[in-house]
Amino acid sequence: MRVALWVIVGVALVLFVRALDWREIWTTVRRASMLLLAAAAAVNLASLALKGARWWVFLRPSGVSLSLAMRATFSGAALNNLLIANSGDAARVLLVADVAGISSAPVLATLALERLFDLIGYAIMLALAGLLLPLPPQLAALKASALVTLVVIAVGLALVLRKAKAPPVDDGAPAVGPRSYVRNTIFAFRSASTLPRFGAALALSLAAWVLQVATYHLTAMAVGYPASVTQTVAALLAVNVAFAIRTTPGGVGVFQLIYAVTMAQMGLSRDEAAAVALLIQVQQVLPVTLVGLVLTPAGLRAKAAA
């Protein structure tokens, strides 16, 4: 199935690239404002920092510092830009467990919670946009799915809160056997689940998504692309649906394809949209990757790649 997906994506990208007017794309890129692009890159880094803070909300009871959570978040994002299948998330778990000297089971549990609240933030954005904004038909059709997802997650988290227990004392010893590891991970998931942490994680998630909208819109403004905030939100939502499964390192190519197609559906230039998407990805990927690789130990990079 993965090979079939890669083939489909590869064919779509070849057809997309061949249909573009690269002269117009280059002209659009050349007129970009460096000041606005730098502002977009800074806003994007701030968005990633909020995600690190969101993870720390759940990691804090295990004695993990905010600086370590941030370091692991940037390292994981950098490796996700270089590898496929979200390999950077595995690196985040390894880095925190190794540096903090704790079992990876509670770290994995908190990462699951952090990713869950990223999904919750996305679902809320999609549901609100579907109710308040004129979205392309494909996205508008997902509004009901987003609402159902939010209800299911809310019920699940409510059940977790009812069964939550006091956090265990972690002596740093690794779990013995797969069953023991799974049991410890589930227990850590419940222990990290409290209503105040859920509230803080939700607030950080929404703030991070708002900053992502700002990143996209500032980049469009940098080249004078006439996209409204509504159209920017639609493009952001569409791109992140496709990013649920990474098929290329950093989503290169897929990002430009989805962004350009979405903007073209709303009556804007496809070629200029491809140029904007290229700039968005450049100012998102390069700063994050450079910072993250500096913070990632060489041994950890090798483990993540394996």
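The values are calculated or read from the model by the stated rules, or taken from the named source; none is laboratory data. Please read all numbers here as calculations on a predicted model, not as lab measurements. Here Cβ is always computed from backbone atoms with ideal geometry, including for glycine, and neighbour counts include all displayed protein chains.
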Considering residues of the stretch 49-58 that are buried (at least 22 other Cβ atoms within 10 Å of the Cβ) and not β-branched (V, I, T) only, the residue farthest from G292 (Cα to Cα): F58
Residue within the stretch 80-89 that is modelled with pLDDT of 85 or more, not β-branched (V, I, T) and not in a helix (DSSP H, G or I) present: no
Within the stretch 141-159, tally of residues that are surrounded by fewer than 16 Cβ atoms within 10 Å (Cβ to Cβ) and assigned to a helix (DSSP H, G or I): 11
Complete set of residues in the stretch 19-73 that are assigned to a helix (DSSP H, G or I) and among the polar types (S, T, N, Q): T27, T28, N44, S47, S62, S67, T73
Qualifying residues in the stretch 59-83 (those that are out of contact with any Phe, Trp or Tyr (no Cβ under 9 Å at 6 or more places or on another chain) and among the hydrophobic types (A, V, I, L, M, F, W, C)) - the one nearest to L295 (Cα to Cα): F74
Every pair of residues 6+ apart whose Cβ atoms lie under 7 Å, when the first sits in the stretch 254-266 and is free of Cβ contacts under 8 Å to residues at least 40 places away in the same chain while the second is charged (D, E, K, R): M263/R270; A264/R270
Of all residues making up the stretch 260-273, the number that are buried (at least 21 other Cβ atoms within 10 Å of the Cβ) and closer than 15 Å to S228 by Cβ: 4
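Table: residues versus (1) of a type in the set (S, T, N, Q); (2) in contact (Cβ under 8 Å) with a residue 12 or more places away in the chain; (3) closer than 30 Å to L268 by Cβ.
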residue: S103; (1), (2), (3): yes, yes, no
residue: L116; (1), (2), (3): no, yes, no
residue: L119; (1), (2), (3): no, yes, yes
residue: M125; (1), (2), (3): no, yes, yes
residue: L132; (1), (2), (3): no, no, yes
residue: P136; (1), (2), (3): no, yes, yes
residue: L139; (1), (2), (3): no, yes, yes
Qualifying residue in the stretch 74-93 (condition: β-branched (V, I, T) and more than 14 Å from the chain's Cα centre (by Cα)): yes
The stretch 90-104: number of residues that are surrounded by fewer than 23 Cβ atoms within 10 Å (Cβ to Cβ) and assigned to a helix (DSSP H, G or I): 8
